[in-house]
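One structure below.
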Amino acid sequence: MDNRKLMQDGKSNTSDLPPGKQSHHTLKEILTQPAAWQAALEVVQTKHTALRNLWEEGQISDILVTGCGSTYYLSLAVAPLLQQQLGRRARAMPASELLLFPETVVPPDGHPLLVIISRSGRTTETIRATQAYKTHQKGPVLHIGCYEETELVAHSDLALVIQAGQEESVVQTRSFSTMLVAAQAAAASLVDEHRFWAMQQLPALGEHLISTHHDLARRLGQSPRFDRFYFLGSGLQYGLACEANLKMKEMSLSVSEAFHFLEFRHGPMSMVNERTLVVGLLSETARAEELAVLREMRALGAQTVVLADQPVSEQEADEQVCFHSGLPECSRAVLYLPILQLLGYYRAVANGQNPDQPHNLTAVIVLEAGSSV
Ligand code: F1P
């Protein structure tokens, strides 16, 4: 893109330091994210009345959820959750699709709510998509982000801004999980106050998960056995599998992909061998079918890791991360993230990469005024 002007979002570039001396913002941000989840719950609580008014007065027919990169994958995780919880058709798309091909993603009629997810609130294609949507649609706009006083906040009817999610690292980790908690809490607060209050357990559950399984993530991330990684997730977990894949790919430059569980059999499993790590983000709904896929990949030589709320038998997987939350699937998606983020972080360090400043990437893609995208 000849006139694209990439903006460093004031990030400190630690790659100038010798590898052993780099202090990584990314690790600190991964380890401190549970505290930011508490802040997200408090923001949703303070905005509850405004959220309810937006929902009840908006005569919402559909829900569109959009973002870019990590926040597009967050949209993929949020849209099915909103459809399931709020009983409206919900669809996720990259902001560039909403901007460039609106007739292929915006319903021809009705009164859609547009949920705009953006850590910075400054990504040009997200802003332009929002501006175009407001010009042509009569639907309200809800923004979920980490910065106040941005263009996206200005274009939104309501903004859920969690400043505690802000990061020094280019890579989204704490911001991603914090915005996910805000989205899940917003849905819960609209349909079931008990479910919203039950989410107060998430920060403590996250702290316990990190302290219990940090070593597993480091061991697998540093293992020389693996030269390819596959993240499998279905239903509410597919978007999270895509984000786990992006963390591995952008931080460590590894061969890595995400698939729906059963889709993996239809071709991509041809890549599976003894140097493969297959990570399964288990659901409750399709647990048996998902475990069958993992057993097959193990038989092909892969090492398998299961992340689930309830434990599996040792015959089902080589390693497992259990949340033991007892929370419904729609409230606990964030618990999959910290260990997956740590896996990508330790792989990056093992590969001699600087996770704070991934190769070729910047914190925000800001295009010059008047430029084409
Ligand atoms: C969107 C985004 C990030 C990505 C990178 C470049 O930013 O694609 O998801 O990790 O930082 O920008 P935002 O709109 O969520 O601020």
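Quick note: the coordinates plus some simple rules give every number you see, no bench work behind them. Only a predicted model underlies this, so the values are computations on that prediction, with no experimental measurement involved. Glycine also receives a Cβ, built like all others from the backbone with ideal geometry; neighbour counts cover every protein chain displayed.
Exposed loop sites here mean GluC sites (Glu not before Pro) with a DSSP loop assignment and at most 13 other beta-carbon atoms within 10 Å; the chain contains its longest site-free run at 1-147.
Taking +1 at the Cβ of each Lys and Arg and -1 at the Cβ of each Asp and Glu, which of GLN200, GLN222, GLY239 sits farthest along the dipole of the stretch 184-241 towards its positive end, judged by Cα position relative to the Cα centre? Positive-most Cα among the choices belongs to GLN222. Longest stretch of the chain clear of exposed loop sites (trypsin sites (Lys or Arg not before Pro), DSSP loop, at most 11 other Cβ atoms within 10 Å, sites excluded): 226-373.
Which of PRO34, PRO112, GLN310 sits closest to the plus end of the dipole of the chain, meaning its Cα is farthest towards the positive end, when Lys and Arg get +1 and Asp and Glu get -1 on the C-beta? With unit charges placed on the Cβ atoms, the residue in question is PRO34. The calculated FRET efficiency for GLU274 paired with GLN163, based on their beta-carbon distance and R0 = 41 Å, is about 0.35. Listed from fewest to most Cβ neighbours within 10 Å, the set CYS322, CYS68 follows the order CYS322, CYS68.
With neighbours defined as other Cβ atoms within 10 Å of a residue's Cβ, the residues ASP192, ASP62, ASP227 order from fewest to most as ASP227, ASP192, ASP62.
Across the chain, the mean sequence separation of Cα contacts (distance under 8 Å, 6 or more residues apart), normalised by length, yields a relative contact order of 23 percent. Spacing of the modelled spin labels on ASN360 and GLU329, each 7 Å from Cα toward Cβ, amounts to 3.5 nm.
Give me the extension gain from SER96 to THR285: residue separation times 0.36 nm, minus the current Cα-Cα distance, reported in nm with one decimal. So the chain would gain 64.8 nm between SER96 and THR285. Taking amide H positions as modeled 1.01 Å from N, with prolines and chain starts lacking one, the residues under 5 Å from GLN320 and 5 or more places away or on another chain are VAL306.
For the stretch 206-220, 3J(HN,Hα) computed residue by residue from phi via the Karplus equation (6.51, -1.76, 1.60; θ = phi - 60°) reads x, 4, 5, 4, 5, 5, 7, 10, 4, 4, 4, 4, 5, 5, 5 Hz, glycine and proline entered as x.
When shorter helices are ignored and each DSSP H run of at least 4 residues is given -39500 (n - 2.57), the per-residue value for the chain at 222 nm works out to -13500 deg cm²/dmol. Amide H contacts under 5 Å for VAL364: MET7, ASP9, restricted to partners 5 or more places along the chain or on a different chain, H placed in the peptide plane at 1.01 Å from N. If you take the Cα centroid of the stretch 77-133 and the Cα centroid of the stretch 297-329, the two points sit 33 Å apart.
Assuming a ≥ b ≥ c are the square roots of the Cα gyration tensor eigenvalues, decide whether the stretch 214-348 counts as rounded (a/c under 1.5), prolate (otherwise, with a/b larger than b/c) or oblate. It comes out rounded by the Cα gyration axes.
log10 I(q)/I(0), Debye, Cα-only the chain, no solvent, q = 0.10, 0.12 Å⁻¹? Evaluating at q = 0.10, 0.12 Å⁻¹ gives log10 I(q)/I(0) of -0.60, -0.88. Length available on full extension from ASP318 to ALA132: 0.36 nm per residue minus the Cα-Cα distance, which gives 62.1 nm. Counting beta carbons within 10 Å around each of HIS214, HIS25 and listing the fewest first gives the order HIS214, HIS25.
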